[in-house]
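Notes follow the structure.
The values are calculated or read from the model by the stated rules, or taken from the named source; none is laboratory data. Keep in mind it's a predicted model, so treat the numbers as computed, not measured. Backbone-built Cβ (ideal geometry, glycine too); neighbour counts: all protein chains shown. When the accessible area is computed, the model is the full protein with side chains, heavy atoms only, and any ligands, DNA or RNA have been set aside. Shrake-Rupley method; radii C 1.70, N 1.55, O 1.52, S 1.80 Å.
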Amino acid sequence: MLKIPETKKSIPLSEPQFCGNEWKYLKECIDSGWVSSVGPFVEKFEAEVARRVGSRHAVSTVNGTSALHLALKACGVQSGDEVIVSSLTFIAPVNAISYCGAKPVFMDACLQTWQMDVDKVMRFLANECELRGQECFNKKTGCRIRAILPVHLYGLSCEIGRIMELAVKYHLRVIEDACEGVGVLYQGKHVGTFGDIGVFSFNGNKVVTSGGGGILVTSDPTYAQHARYLSTQAKDDGLEYIHNAVGYNYRLTNVHAAIGLAQLESLDDALEKKRIIAQRYEEGLRDMGVITLMPKPASVAATYWLYTILLPENTSLDKRRDLVRWLHGQGVECRPTWHPAHTLPPYRDAQSFEMEHSVRIYERGLCLPSSVGLSADDQERCISAVKSAVSRIIGG
Ligand SMILES: *Cc1c(COP(=O)(O)O)cnc(C)c1O
């Protein structure tokens, strides 16, 4: 077989690292016969996530998307409702809103933080909405706005404190998409624990993985019970199989939970490595001047899930596409930032409010290889490749 020389191997964007108890716990699953959607690792995994993030309840699911779906259902989002959501996001939270028969109202990203622009949320609620009793209505569409769903992007945090204040004022539920935010603190408190419900993902490309998996956390036992009930086909009687509602088969398996638990044991080590990776990118790219580095808000302890930069201000979409292609050719698997959801075909007709920056961030944004196991040498290759790509293709 032809061997690819070491230096020509592609550097992945984000690949998992297994160096703890993964094999041991998996073997326990097989040996004990507990491989499916019930088992000791599921309980341990949920308890450990709750302990780590500082939340009372945790309900695990097959992936982050299904946890978002259950979170919205548990918060009472119904067909015909609207939910305020970030446009600059992986599509999962927006699709979860659609699964409920509800509609997204898209919010712009702030140019400095890339997160949901809270000033715009405030203006939208003040000018475009009205309170009727304890409920908030969109004056333009006449629909009830039930919740805000901010996304904590790339291992940073949105301004969740201010979002919570608005939610109280306008009687809105808050579901935090913290799928990219395991380990991220906002003012010393873990993201995902501010809102009514927070959601995390343990997909293979996240900081830690369970193979595939998600979890929702909440301090409210009613939300937790309801979510668990819906995740288990809304089964009211386990012997007679009585179902009094339409449920889902969303439970995490013991096998996945076993991997997830082992990964959580190395979370601190993984987070430390992510911070070192971020620091090296900063040091390596700072002197280019024209590149905007990842924001570092004082209130946030970041984990830099994907270290992300903005290319020079004059970068066009075509140039950025050329640059991504060129870097892939050099074996550097970078990726553009998320495609703003309000421009995608299923969501073009949905309402969006004062959109200005999300598209520009997408056109200029570049996520760099950020695997926990990224070596210093490989990272050096990424840094030099990005630098020459910027001077060759963008100029400056
Ligand atoms: C990864 C991710 C999810 C969930 O993805 P799953 O693959 O379903 O676990 C949700 N929202 C965001 C922003 C994500 O990055």
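For the stretch 258-309, the Cβ-based charge dipole about the Cα centre amounts to some 160 debye (Lys, Arg positive; Asp, Glu negative; other atoms uncharged). Please go through the residue pairs 103/140; 120/169; 24/206; 206/273; 319/387 and name each one whose alpha carbons sit more than 20 Å apart in this structure. Table pairs above 20 Å Cα-Cα are 24/206. Per atom type, the stretch 1-152 shows carbon and sulfur on 55% of its accessible surface, probed at 1.4 Å. Among the trypsin sites (Lys or Arg not before Pro) found in the stretch 88-165, those both in a DSSP coil and sparsely packed, with 11 or fewer other Cβ atoms within 10 Å of their Cβ, are 139, 140.
For the chain, the longest piece that avoids every one of the chymotrypsin sites (Phe, Trp or Tyr not before Pro) found in DSSP loops with at most 14 other C-beta atoms within 10 Å covers 19-240. With both bridge residues required to lie in the chain, what share of the DSSP beta bridges run antiparallel, to the nearest 5%? If we restrict to bridges inside the chain, about 60 percent are antiparallel. Positive-end ranking of 350, 365, 385 along the dipole of the stretch 312-385, with charges on Cβ about the Cα centre, is headed by 350. Which shape class applies to the chain: rounded if a/c is under 1.5, otherwise prolate when a/b exceeds b/c and oblate if not, where a ≥ b ≥ c are the square roots of the Cα gyration tensor eigenvalues? The shape class here is oblate. Taking the stretch 287-396 as the region of interest, what is the percent of Cα-Cα pairs per 5 angstrom bin, listed from the shortest bin to the one with the maximum distance? Using 5 Å bins, I get a P(r) of 2, 11, 20, 22, 19, 14, 9, 4, 1, 0 for the stretch 287-396. Its residues counted as N, the stretch 116-156 yields a C-alpha radius of gyration over 2.2 N^0.38 Å of 1.35. The Rg/Rh ratio for the stretch 152-299 is 1.06, where Rg is the radius of gyration of the alpha carbons and Rh is the Kirkwood radius. Selection among 188, 217, 232 by position relative to the dipole of the stretch 160-266 gives 188 as farthest towards the positive end (Cβ unit charges, Cα centre). Of the residues 141, 232, 315, the one with the largest accessible area comes first in the ranking 141, 232, 315, computed with a 1.4 Å probe on protein heavy atoms. Where the alpha-carbon atoms of the stretch 291-347 are placed on the principal axes, they occupy 35, 34, 23 Å, in descending order.
The stretch 312-384 and the stretch 260-306 have their alpha-carbon centroids 17 Å apart. For the stretch 181-264, the square roots of the Cα gyration tensor eigenvalues, ordered a ≥ b ≥ c, give a/c of at least 1.5 with a/b no greater than b/c, which places it in the oblate category. What shape does the stretch 1-80 have by the C-alpha gyration tensor, where a ≥ b ≥ c are the square roots of the eigenvalues, rounded means a/c under 1.5, and otherwise prolate means a/b greater than b/c and oblate the rest? Because a/c hits 1.5 or more and a/b fails to exceed b/c, the stretch 1-80 counts as oblate. Accessible area per residue for the chain, computed on protein heavy atoms with a 1.4 Å probe, is 43 Å².
Annotation: lysines with alpha-carbon distance below 21 angstrom to residue 27 (same-chain offsets under eight excluded): 44.
Charged side chains reduced to their Cβ positions (Lys and Arg at +1, Asp and Glu at -1) give the chain a dipole of some 540 debye around its Cα centre.
Quick note on the stretch 121-239: its Rg to Rh ratio, both from C-alpha atoms and Rh being the Kirkwood radius, is 1.03.
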